[in-house]
Amino acid sequence: MTWLLVATLLLATAPAAQGPDRPDPHPPARVGIALSGGGAKGFAHIGVLRVLEEAGVPIDAIAGTSIGSLVGGLYAIGYTPEMLEEVTIGQDWEALFIDAYDRRSWTIESKLARKYLLELPIREQRPQLPAGLVAGQRISQLLTGLTWPAHPVRDFRDFPIPYAAVATDLETGDPVALDHGFLPEAMRASMSLPTIFVPVTIGEQVLVDGGLSRNLPAQDVRDLGADIIICSDVSEPLAPADSIRTLLDVLDQSIAFRATALTEEQRQLCDVLIEPDIEGLSSLAFDRASELIERGEAATREALPQIRALLHQTPARRREDLPLTHIDSVYIHELVLEGLRQAPERSVIEGLNLEVPGWMTREDVDDAIGTAYGTGLFASVTYRLGETTDRDSTRTVLAVRFDEEKRDRLGFSFRYETRYKASLLTSATLRNVLQYGSVTRLSLRLGQQIQLTGQYFRRSGPGGALSLGARAEYSQAPLDFFEDGRRVAEVRVDVMNASGFAGLALGNTALVGTLIKGEYAQNRASITAELFDEEDTFYTVSGVVRADTYDRDVFPSRGLGLLLKSEWADRSIGSGLTFSHSVIDAEAYLPLHRNASLLARVTFGTSSGGDDLPAHYLFFLGGSSPYLIFPDRQFPFFGLETQERRGRHVQSFLLGLQLRFADRFFAILRVNAGNTLDRWHFDPDDYTGGYGLTLGLRTPFGPITASLAETTLAEWPDFTVDWGYPF
């Protein structure tokens, strides 16, 4: 069916035939266009194509390098300039370059795990540098989704416009023109910036960004049969000597020498050279796509007289709308899994949750692929649509390929906070140690709060709901005791515990189960008039519910977070203490606008046990950040210092408004009310009120926040700074 559609399109866009006995003695010149690489600056190519199309300039061949391969490839299969503009403006390009996957696809266990600033792969029992900082899963899936209609076409010369993507052979450094194969794979190879993206292997060749060998693919357009070559070049010129001041400037200029010389050779092949004005715009200016498109349009209008002079004997023609790209859904007859060696096929199929045979949208397939990748069991998950012919019918096949390379990682993280100053976290994550699908994690936190953790857990499979885990942990942390707003004591708590968990994972949203724990705790006062040193050994049983639907790790715009836990210890079952401890902590973000969200949080906690209740099982309120040493007992409260309130019970309410500016900057206004209590009762007159303003910034080195807060009782606002992911 697709082959017939492509053939029909080719016939529809071909010039009228002269007949077998009357060949055209002067066939019109074939026009080709070469689109250079240049990162975000390549969005100017969309403006170039728009003006050429409006002027009726025929395009009979197209080749692209790097970002030019994306623009050119989509245009070649039928995308209009308007559709290309919609793709560029509507895409979160920053997320592609950090491989940040849709958080909804993560397993609930992954959502609850700590986030690291840097992760190194562990191979052959030692950490190694990765082949690239970004695996490329998300950009591969984007390209695959954008090119649905072209999946069955193996020869790119059969597209409505013959096409080639240019990559670089990592072994030889030679340019490689990819004019056949799987289109998204070819574009992905052409865009594989060295050290940023992992190289792409196609056949026997390992390929990286084509900009290293041929950033302007004029020769490749000629090889596609073009007689007249129009080049759109957004390459950066060499920097003037007076602007080269740093080591990085020198290195960048040194690398640019060869690329500039090669580009100059390709320019000599261009009949028309269009150079959009890119001054003041960097290759990372993805948020200025509209401006770049306009600059491409302006440069092309200036070049139109020269183009028309070259095409005076070539009839102008307008490009027809091509239905090739207007596919919202497809009927999948068969699902094929490739590359599986360890994962149980049945479990993987259940995890994909696709109804085959049946109709599927791109979103359906994206969600399924994202869920499989989010399990952490696979280094990559890719797919393609294909066709098989059975007698007189054509069947559409969805082939999903899995890379089961072990994803063992060594992670590092850093955090600074006003109360506890600098902290370091290192962790080794090993997969499939005892059973397939298992995760073993060893982590060490150093700083004023010390924590050593060993954890093992597994699901029954990629689609399985049974979740089992075991954990052993040593923690040493200070507990601050206040009287009348002044810190009067610091109790140093040493805790050793071992626990086992059994529960059910409700999709990627929630985890419900039972936790059995044995614990030894020692509390030592380091600043108080009455020194004390107490030790407790006890056993507890807990019912736990955890839920997480946030769309982002930090500064989420929507979603719900829930902790519901009830814990009991009783001497009658061998515990050294008798007490209970229950808490519900619920937080929700509700989007009001694209850049504005309402947030609310409610925290209730109660405990019993009199003198048996350990000091570190009291509830604490205060500070602007969550603390993960005792996450079910310590909660933030704007206007109070960290742990300024303590008690056997807690009641806390929060309302806030979060605003986002320029994608990375955030302002959050919060108002909260509540208190800790020694006797459970509801009396708003006993509540402390507080409010605060937080300014936040997302950076490659973790979030940075600065908060100014005060209570109705405080004389001076409290200023705090946090840098890094919470751990």
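Brief remarks follow.
- Taking other residues whose beta carbon is less than 10 angstrom from the beta carbon of ASN353, and scoring Lys, Arg as +1 and Asp, Glu as -1, yields -4.
- Each Lys or Arg adds one and each Asp or Glu takes one away; over the other residues whose Cβ falls under 9 Å from the Cβ of VAL206, this sums to -3.
- Shape category assigned to the stretch 136-222 from the gyration tensor of Cα positions, a/c cut at 1.5: oblate
- Ranked packing of 596-602, 85-91, most packed first, by mean Cβ within 10 Å: 596-602, 85-91
- Cα gyration tensor shape for the stretch 575-727, rounded if a/c is under 1.5, else prolate or oblate: prolate
- Restriction of the trypsin sites (Lys or Arg not before Pro) in the stretch 371-400 to DSSP coil positions whose beta-carbon has at most 11 other beta-carbons within 10 angstrom yields ARG391.
- Values of log10 I(q)/I(0), in the order q = 0.23 Å⁻¹, for the stretch 363-443 under a Debye, Cα-only, solvent-free model: -1.05
- For the chain, relative contact order (Cα pairs under 8 Å, six or more residues apart, normalised by length) works out to 10 percent.
- If you plug the beta carbon distance of ASP390 and ALA422 into 1/(1 + (r/R0)^6) with R0 = 60 Å, you get a FRET efficiency near 0.40.
- Remark: spin-label model distance GLU302-ASP328 equals 4.3 nm, labels positioned 7 Å along the Cα→Cβ axis.
- Annotation: amide H of THR418 within the under-5 Å range of VAL721, sequence separation 5 or more or interchain, hydrogens built in the peptide plane.
- Rounded to the nearest whole Hz, the Karplus-based 3J(HN,Hα) values (6.51 cos²θ - 1.76 cosθ + 1.60, θ = phi - 60°) of the stretch 52-61 follow the sequence 4, 5, 4, 7, x, 6, x, 10, 9, 7, with x at glycine and proline.
- Loop sites in the stretch 340-379: GluC sites (Glu not before Pro), DSSP, at most 16 other Cβ within 10 Å: GLU355
- Listed residues GLY339, ASN523, ALA63: farthest to the positive end of the dipole of the chain (Cβ charges): ASN523
- A simple packing score, the average count of other Cβ atoms within 10 Å per residue, orders the peptides 159-166, 30-37, 63-70 as 63-70, 30-37, 159-166, with the highest score first.
- Label-to-label distance, nm, for residues given as LEU284 and ASP611 (7 Å Cα→Cβ offset): 6.1 nm
- Computed over the stretch 113-238, relative contact order equals 23 percent, with contacts defined as Cα pairs under 8 Å that lie 6+ residues apart.
- Remark on GLY437: its backbone amide H falls under 5 Å from those of ASN432, a criterion applied only to residues 5 or more positions apart or on other chains, H modelled at 1.01 Å from N.
- Residues whose amide H comes within less than 5 Å of that of SER467, counting only those at least five positions distant or on another chain, are GLY503, LEU504, ALA505 (H built at 1.01 Å from N in the peptide plane).
- The stretch 293-431 shape via C-alpha gyration tensor axes, a/c threshold 1.5: oblate
- For GLU535 and PHE653, the FRET efficiency from 1/(1 + (r/R0)^6), where r spans their Cβ atoms and R0 equals 35 Å, is about 0.45.
- Using a Förster distance of 35 Å, the FRET efficiency for ALA600-ALA465 (Cβ separation, nearest 0.05): 0.75
- Per residue, in Å², the accessible surface of the chain once ligands and nucleic acids are set aside, probe 1.4 Å: 47 Å²
- Share of carbon and sulfur in the accessible area of the stretch 31-185 stands at 50%, probe radius 1.4 Å.
- In this entry, the stretch 661-714 is assigned a mean projected area of 5.5 nm², taken as a quarter of its C-alpha convex hull surface.
- The alpha carbons of the stretch 610-675 stretch over 52, 23, 16 Å along the principal axes, in descending order.
- Taking only the C-alpha atoms of the stretch 41-179, the Rg (one decimal) and the largest Cα-Cα distance, Dmax (whole number), read 18.6, 61 Å.
- The spacing between the stretch 513-586 and the stretch 650-679, judged by their C-alpha centroids, is 23 Å.
- With eigenvalues of the C-alpha gyration tensor scaled by 5 and rooted, the stretch 521-630, Å: 35, 18, 10
- Across q = 0.05, 0.09 Å⁻¹, the chain modelled as identical point scatterers on its alpha-carbon atoms has Debye log10 I(q)/I(0) values of -0.32, -0.91, in the order of the q list.
- When nucleic acids and ligands are ignored and a 1.4 Å probe is applied, THR107 ends up with an accessible area of around 10 Å².
The values are calculated or read from the model by the stated rules, or taken from the named source; none is laboratory data. Quick caveat, the model's predicted, so the values are computed rather than measured. FYI the Cβ positions are ideal-geometry reconstructions off the backbone, even for glycines, and counts take in every protein chain you see. Accessible surface areas use protein heavy atoms only, side chains included; no ligands, DNA or RNA. Shrake-Rupley method; radii C 1.70, N 1.55, O 1.52, S 1.80 Å.
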